[in-house]
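One structure is given below, encoded as structure tokens.
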Amino acid sequence: MIEDDLRAAFARHEALTPPTGPLRAAIDRMVVRRRRRRLRLRLGGTALAVVAAALTGFTAMAPRQPETAHLLGDPASPAPAGVPLNVLVVGVDGNADRQARFADSVLLVHIPADRSRLYLVSLPRYLEVTVPGNGTQHLNAAFSFGARGPQPDLNGGYRATRDAVADALGVRIDAGVALTYPVVRELTDVVGGVRVCLPQRVRSIHSDRVYPAGCQQFDGNASVDLLRQRAELPDGVLDRDRNAERYAASLLQRLQERGTFSNPVVLEQLLRHLSSGLVADTGDASLATLGATAAQAARVEPVGVVLPGRHAEKSNFNFRLDPALGPGFLAALRGDRLGEWTAAHPDQVTRLR
């Protein structure tokens, strides 16, 4: 009896029920819009990673604050001359699925106001910096302090590293990217490998592979293997930083040869092959503007230099600025005069070829 009454009640009110077709269509449209927005965000971050990897050759960077409106909306024109730009690139020996460790490599890409060339400045991992709430630490530990948690927080790790670098060098960081080694491996393979010129023999302690002195082709696996090596090199981690500069210069040349920055079809094909183990910070500029500016400055071979200084003996390998060269280098960096400084100190410049 109750069942019959319920059926009768449903029958009486069925005519009052609004049609579901328009509601379902609205839901479908909302889902499509959200999927497209997620895709734009991922492509934006990945594209900046390509730009940053081309500039410095590494993985890992995070946003200052999410500024998604800047990512894809502006035309591809360079940033106006007259203002230098500093792009930070942090390379992490790990992946996005496990607890982030230390930053293996940190490079600052300086683009001078006249866009004449790129300067690849390697920042030693044992450089003493101040990490808010954690006192004086090695630079590579800043990422670990910012990224710690149940899941690795690449954004937090990048922000902590960015703030430590800005404070230590006294410069503004305008943009950045954080990449993991799996992304470096993918990127290298997608562009068909890179040609790196080594000034000395390198033996891998991880794979036991030997890379002879001279110019040779590196695929993704070999590139990551090389970038991780510091044992048995005369200057240890400093020589590894110099090899990172050589890899970056070669990757940049390879991307230029493929017309990656000027051909949106080629760029899209490259983006489809890269994974999501990265985060990006475009700062106040758009992705297109950063890419065009980098392409303009990359028309000539970049200049590589390691922050002048030395590791203190019997002091946990702490790296301190050279008291004679360090202040002048920092003044040149802050004053956009690295061209003058490197010309006056050719022995501090990394031979890239």
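The values are calculated or read from the model by the stated rules, or taken from the named source; none is laboratory data. Note that the structure is predicted; figures quoted are calculated from it, not measured. Note: ideal-geometry Cβ built from the backbone for every residue, glycine included; neighbour counts use all protein chains shown.
The conditions of being in a loop (DSSP other than H, G, I, E, B), in contact (Cβ under 8 Å) with a residue 60 or more places away in the chain and among the hydroxyl-bearing types (Ser, Thr, Tyr) are met by Ser116. Which residues, counting only those in region 220-260, are surrounded by fewer than 22 Cβ atoms within 10 Å (Cβ to Cβ) and among the acidic types (Asp, Glu)? The answer is Asp225, Glu232, Asp235, Asp239, Glu257. If the condition is being of a type outside the set (Gly, Ala, Ser) and either closer than 8 Å to Gly220 by Cβ or touching an Asp or Glu at 6+ places or on another chain (Cβ under 9 Å) (or both), then region 170-190 contributes Ile173, Asp174, Val177, Thr180, Tyr181, Val184, Arg185, Glu186, Leu187, Thr188, Asp189.
Within region 206-239, take every residue that is in contact with a helix residue (DSSP H, G or I) (Cβ under 7 Å, 6 or more places away or on another chain) and in contact (Cβ under 8 Å) with a residue 40 or more places away in the chain and give me the one that is nearest to Val184 (Cα to Cα). Only one residue fits best here, namely Val224. Elements of the type helices (runs of 4 or more DSSP H) sitting completely within region 179-265 and holding at least 3 residues that are among the small types (Gly, Ala, Ser): these cover 220-227, 237-257. Within region 261-287, being more than 27 Å from Ser204 (Cα to Cα), modelled with pLDDT under 75, surrounded by fewer than 22 Cβ atoms within 10 Å (Cβ to Cβ) and not β-branched (Val, Ile, Thr) holds for Ser262, Asn263, Pro264, Leu267, Glu268, Gln269, Leu270, Leu271, Arg272, His273, Ser276, Ala285.
Look at (1) at pLDDT 90 or above; (2) touching a Phe, Trp or Tyr at 6+ places or on another chain (Cβ under 7 Å) and you find that Leu179 fails only one, number (1).
One residue stands out among those in region 305-324 that are more than 16 Å from Asp241 (Cβ to Cβ) and hydrophobic (A, V, I, L, M, F, W, C): the one that is farthest from the chain's Cα centre (by Cα), which is Ala324. The one condition from (1) of a type outside the set (Asp, Glu); (2) more than 21 Å from Ala297 (Cα to Cα); (3) buried (at least 23 other Cβ atoms within 10 Å of the Cβ); (4) over 14 Å from the mean Cα position of the chain (by Cα) that Val131 does not meet is (3). Among the residues of region 293-345, the ones that are surrounded by fewer than 15 Cβ atoms within 10 Å (Cβ to Cβ) and at pLDDT below 80 come to 6 in all. Return the residues of region 141-200 that are surrounded by 24 or more Cβ atoms within 10 Å (Cβ to Cβ) and of a type in the set (D, E, K, R); say none if nothing qualifies. Within region 141-200, Arg159, Arg162 qualify.
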